[in-house]
Amino acid sequence: MLTLLAEQPECLWDEALPIEVKELPEDLAALDVLLADPELLWPTVERFRREVVEDRRAVLTDGRPTIAMETYIRMMVLKQRYRWGYRTLVAEVSDSIHLRRFCRISFSERVPDESTVRKLTRRIGAETVSELTRAMIVKACREKRFRPRAVRIDSTVVEADVKYPTDSGLASSGVHVLAGEGRKLAKLIGEKKARVRDRSRSMGRKLRAITRTVRRRSGEAKQEVLKLTEQTGELLERSVKEARRLAKIARGKARGRGARTKLRAAAQLEEIADRCEKVAGQIRQRVAGEPIKDRIVSLFDPDARPIRKGKLGKPNEFGFVSQLAEVTEHTQRGARGLILPGAATEIGNPGEDALLPATIAEMQRLGIRVQEVALDGGFNIGPTRSALEDLAPKNVFIAGRQEPGSKRTQRRMRRYRTGAEGRISHLKRRYGLDRSRLKGDQGRQIWTEWSILAYNLDTLTVRER
């Protein structure tokens with residue numbers, strides 16, 4: 001059952017507290033005013049209504065009550081604002097009078113468990129958070145507190161929560177995971193003969209041999225490394241065959257009580273086997289010298305991709321590309337605006353021109369029209385002009401490609417466009433946009449939208465203070 005509003009946080013203990021403790025700090029007080037608007041809760045209601053239609057369950061009125069949505073939203077804003085994990089978030093809110101009052105949690109109540117908050121984050125999804133941000137931007141524009149005039153657009157890499165991948169390392173991880181999942185499934189169906197052999201020891205010997213060979217740094221060593229890597233792929237392929245055979249047996253034994261559990265475990269094993277088979281295919285292509293498209297870099301985050309942006313410090317990044325658009329009221333020094341929700345993205349390494357139409361569509365959805373647009377040199381003139389045709393800005397600045405106006409205007413737009421790099425850096429350092437801790441492309445979108453919402457809330461509170 002959906003619960004929107006929390007109960008009054010005041011209780012008998014509040015009478016004994018001094019006034020300094022009852023009052024929220026200046027920044028939290030400003031956030032409290034913004035989040036007190038009941039309109040911000042309607043996107044969550046619509047999300048649960050869609051769940052009623054899709055799953056045919058009366059989740060709005062039946063079942064156990066959820067935690068109050070206003071409490072959940074405030075806790076997630078704090079989490080992203082201070083870059084806390086779920087456990088740290090719950091511990092900090094439990095231990096702080098100010099944070100309890102901000103989250104509308106009384107002293108006599110327990111703070112929601114971290115697993116509850118974590119599961120609800122996946123259930124709410126990215127689109128609901130985007131709707132929260134849209135409602136906030138529309139309200140700011142309607143009440144004349146924010147008047148958009150210019151926009152600067154740039155893309156950045158949101159790294160996946162994976163370690164630096166190698167083909168042999170992925171093969172080793174695949175062998176270990178398949179053996180572990182195979183043991184669980186074999187125990188579940190009572191199978192003693194068919195199993196997935198744990199080849200971790202053999203794989204470990206290959207990895208150590210690769211490490212010793214790489215140290216020689218010679219042409220012969222490179223060929224030896226490729227040969228050893230090929231052998232790790234062969235070991236992985238054997239484990240994949242055994243996993244598929246065990247999954248087939250499990251599906252045949254899925255009868256009566258516990259059938260769903262067995263089928264679910266078999267499907268999970270086959271899903272991991274599919275990813276491992278793709279890793280083995282990548283190894284074969286690498287040994288043969290063939291190009292590899294859609295390279296998988298993690299067994300646990302299959303949507304992450306290798307991305308090269310030409311950076312000296314990070315030539316290779318592994319994750320996702322998101323295009324961020326910051327709408328501001330002016331283009332002078334210190335311009336700080338609002339980030340548009342629904343950051344345009346595609347799996348892989350899409351170009352700036354491929355993501356621009358989705359960004360412009362988001363501006364039109366919010367009814368935002370700007371006079372100036374600042375872009376970096378990654379945008380091409382032709383596709384950019386086509387994407388901006390309906391927006392019809394007076395001045396389109398593309399660094400190094402199209403710089404109209406006087407020299408003074410060009411200098412102003414250069415500084416303004418360069419500020420997009422600083423804004424992205426700010427989002428990564430302050431709001432956790434450097435690395436998504438949620439797996440998959442869907443998880444990364446959820447992480448990004450909460451970062452954008454937290455940043456926009458802080459921007460509006462800074463303007464009103």
Got a sec to turn the phi values of the range 37-44 into Karplus ³J(HN,Hα) couplings, 6.51 cos²θ - 1.76 cosθ + 1.60 with θ = phi - 60°, whole Hz, x for Gly and Pro?
-> 5, x, 4, 6, 8, 5, x, 5
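Taking the Cα centre of the range 75-169 as the origin, how large is its charge dipole in debye, to the nearest 20, when only Lys and Arg (+1) and Asp and Glu (-1) carry charge on their Cβ atoms?
Details: 21 positive and 12 negative charges, 140 e Å.
I would put it at about 680 debye.
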Could you give P(r) for the range 75-133, binned at 5 Å from zero, as whole percent values over all Cα-Cα pairs?
-> 4, 18, 28, 26, 16, 8, 1
Can you give me the Cα centroid spacing of the range 380-401 and the range 68-83 in angstrom?
-> 37 Å
Cα-Cα longer than 32 Å, checked against 184/314; 309/407; 119/428; 241/309; 241/293; 206/314, kept in input order, equals 184/314; 241/309
How large is ³J(HN,Hα), in whole Hz, for each residue of the range 388-397 in order, when computed from phi with the Karplus curve 6.51 cos²θ - 1.76 cosθ + 1.60 and θ = phi - 60°, using x for Gly and Pro?
-> 8, 4, 6, 6, 6, x, 6, 9, 10, 10
Working from Cα positions, state the angle (0 to 90°, nearest 10) between the long axis of helix 114-142 and the longest principal axis of the chain.
-> 40 degrees
In debye to the nearest 20, how big a dipole does the chain give about its Cα centre with +1 on each Lys and Arg Cβ and -1 on each Asp and Glu Cβ?
-> 2380 debye
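Between the DSSP loop rule and a limit of at most 12 other Cβ atoms within 10 Å, which trypsin sites (Lys or Arg not before Pro) in the range 250-329 are left? Let's see the in-between values first.
Working: sites: 251, 253, 255, 257, 260, 262, 264, 275, 278, 284, 286, 293, 295, 308, 309, 311; in loops: 253, 255, 257, 293, 295, 308, 309, 311.
Taking the range 250-329 and a limit of 12 other Cβ atoms within 10 Å, the loop trypsin sites (Lys or Arg not before Pro) found are 255, 257, 293, 308, 311.
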Helix 167-189: inclination vs the chain longest Cα principal axis, degrees, rounded to 10, gives 80 degrees
What percentage of the solvent-accessible surface of the chain, computed with a 1.4 Å probe over protein heavy atoms, is contributed by carbon and sulfur atoms?
-> 49 percent
If you roll a 1.4 Å probe over the heavy atoms of the protein chains, what accessible area per residue do you get for the chain, in Å²?
-> 51 Å²
Hey, if you put +1 on the Cβ of every Lys and Arg and -1 on every Asp and Glu Cβ in the chain, which of 318, 188, 135 ends up farthest toward the positive end of that dipole?
-> 188
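Dividing the convex hull volume of the alpha carbon atoms of the range 1-98 by its residue count, what do you get in Å³ per residue? Please list the in-between numbers first.
Numbers: hull volume 12.7 nm³, N = 98.
Per-residue hull volume (Cα only) is 130 Å³.
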Name the residues whose placed amide hydrogens come within less than 5 Å of the amide hydrogen of residue 319, ignoring near sequence neighbours (fewer than 5 apart) on the same chain.
-> 160, 305, 307
Classified through the alpha carbon gyration tensor (a ≥ b ≥ c as square roots of its eigenvalues; rounded if a/c is under 1.5, else prolate when a/b is larger than b/c, else oblate), the range 239-360 comes out oblate
Looking at 396, 406, 354, which one has the Cα that reaches farthest to the positive end of the dipole of the range 306-465 (charges on Cβ: Lys, Arg +1; Asp, Glu -1)?
-> 406
Whole-Hz Karplus couplings 3J(HN,Hα) for the range 328-334, θ = phi - 60° and coefficients 6.51, -1.76, 1.60, Gly and Pro as x, run 10, 8, 7, 10, 7, 4, x
Which listed residue (452, 368, 267) has the Cα farthest towards the positive end of the charge dipole for the chain, taking +1 on Lys and Arg C-beta and -1 on Asp and Glu C-beta about the Cα centre?
-> 267
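Is the range 300-341 best put as rounded, prolate or oblate by its Cα gyration tensor, with a ≥ b ≥ c the root eigenvalues, rounded for a/c under 1.5, and otherwise prolate when a/b is larger than b/c, oblate when not?
The shape class here is oblate.
Please state the relative contact order of the chain as a whole percent: Cα pairs under 8 Å, 6+ residues apart? Numbers along the way, then the final one.
Numbers: 699 pairs, mean separation 94.1, N = 465.
For the chain, the relative contact order is 20 percent.
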What is the helix-to-structure angle for 219-252, meaning the angle in degrees between its Cα long axis and the longest Cα principal axis of the chain, kept from 0 to 90 and rounded to the nearest 10?
-> 90 degrees
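The values are calculated or read from the model by the stated rules, or taken from the named source; none is laboratory data. Just so it is clear, the structure is predicted and the values come from calculations on it, not from any experiment. All Cβ positions, glycine included, derive from the backbone under ideal geometry; neighbour counts span all protein chains shown. Just the protein is used for accessible areas: all its heavy atoms, side chains included, with ligands, DNA and RNA removed. Shrake-Rupley method; radii C 1.70, N 1.55, O 1.52, S 1.80 Å.
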